[in-house]
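Working notes, structure below.
The values are calculated or read from the model by the stated rules, or taken from the named source; none is laboratory data. Since the model is a prediction, treat every value here as computed from it, not as a measurement. Here the Cβ positions follow ideal geometry from the backbone for every residue, glycine too, while neighbour counts run over all protein chains shown.
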């Protein structure tokens, strides 16, 4: 890994779990400091929520988003600087895009934590104002899913997450999503499963959240990232602060074009990929997008030990 270029992947909502980050904080002072700082910044015991739950409370959008960013940042801060300096491009899935900008120095930790807490609150409120839901469609290609959505008359339903070939999430009004599920199965989908979410994320139903997030971002100092971050809404590399602001707001009502994001990153020819934070969701998606990619997950002390071992191997060569 010594001479390699690294692509950074930051996970999004759904990767949270009770106990997340506890082992890391118990073994790494930098991680412990991040969890303590998060409690001070937000004025809530996010550390206890991450480590002890309850799961229902941790899963709430306004809690899950800062929890995932916190774990991702804690893990990132523990990665040896020799590796962090080799990151040549990054991206995050939905909420994870904020984590990617944090790693790239475009945001500072306190601001990023407050922003994603506010983002979660706004998204949760938008889901109350206009209730919606999401569903994962497995076994249909993206064009077929778009056609399914366009054929629904029961309300708004749109593709929201292009996660991997044959895995697209749709989002919208509850009746419209249920109709899309039925149509998808009729069109040959293997499965079409409702997700346990509090709103129709990445759809026009999140319009009420845009103004609030834009205002929150205006109150924050955003810098140009130290490495390009591929934005979900554009599937293109962002190198300027104002583009980052604009696309983070646009992301709320736009699909997560994850397959295209990975393809944009791959075009920059990284030698290896790091998923940093809770779980291995993005590592799993990568296997479906590009089986040749070498992906390592970093979220536990054991993962960090593996990275240190790689550095030692490099030094011996």
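With respect to residue 8, is the statement that it is modelled with pLDDT of 95 or more, assigned to a helix (DSSP H, G or I) and either on the phi > 0 side of the Ramachandran plot or crowded, with 16+ Cβ neighbours inside 10 Å (or both) true?
no
Residue-by-condition table, conditions (1) over 19 Å from residue 260 (Cα atoms); (2) surrounded by fewer than 24 Cβ atoms within 10 Å (Cβ to Cβ); (3) not assigned by TED's automatic domain parsing to the domain that holds residue 256:
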position: 100; (1), (2), (3): no, no, no
position: 110; (1), (2), (3): yes, yes, no
position: 151; (1), (2), (3): yes, yes, yes
position: 154; (1), (2), (3): yes, yes, yes
position: 170; (1), (2), (3): no, no, yes
position: 177; (1), (2), (3): yes, no, yes
Somewhere in region 225-234, is a residue more than 15 Å from the chain's Cα centre (by Cα), surrounded by fewer than 18 Cβ atoms within 10 Å (Cβ to Cβ), free of Cβ contacts under 8 Å to residues at least 12 places away in the same chain and not in a helix (DSSP H, G or I)? no
Exactly one of 184, 142, 192 is closer than 24 Å to residue 237 by Cα, in contact with a strand residue (DSSP E or B) (Cβ under 7 Å, 6 or more places away or on another chain) and either touching a residue at least 12 places away in the same chain (Cβ under 8 Å) or exposed (fewer than 15 other Cβ atoms within 10 Å of the Cβ) (or both), and that residue is 142
For region 45-61, check the following and say yes or no: at least one residue is assigned to a helix (DSSP H, G or I), within 15 Å of the chain's Cα centre (by Cα), closer than 25 Å to residue 197 by Cβ and assigned by TED's automatic domain parsing to the domain that holds residue 275. yes
Where residue 136 falls short, out of the listed (1) surrounded by fewer than 22 Cβ atoms within 10 Å (Cβ to Cβ); (2) in a helix (DSSP H, G or I); (3) in contact with a strand residue (DSSP E or B) (Cβ under 6 Å, 6 or more places away or on another chain): (2)
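Please verify whether region 110-119 includes one or more residues that are at pLDDT 95 or above and assigned to a loop (DSSP other than H, G, I, E, B). Even if it seems obvious, please write down each step before you answer.
Narrowing region 110-119 to residues at pLDDT 95 or above: 110-119.
If we keep only those that are assigned to a loop (DSSP other than H, G, I, E, B) as well, we get none.
Checking region 110-119: not a single residue is at pLDDT 95 or above and assigned to a loop (DSSP other than H, G, I, E, B).
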Among the numbered criteria (1) closer than 22 Å to residue 125 by Cβ; (2) part of a helix (DSSP H, G or I), which one does residue 169 miss? (2)
Residue match in region 28-39 (condition: in a loop (DSSP other than H, G, I, E, B) and at pLDDT 95 or above): yes
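Out of 198, 203, I need the residue that is within 17 Å of the chain's Cα centre (by Cα), closer than 17 Å to residue 253 by Cβ and at pLDDT below 95. Which one?
198
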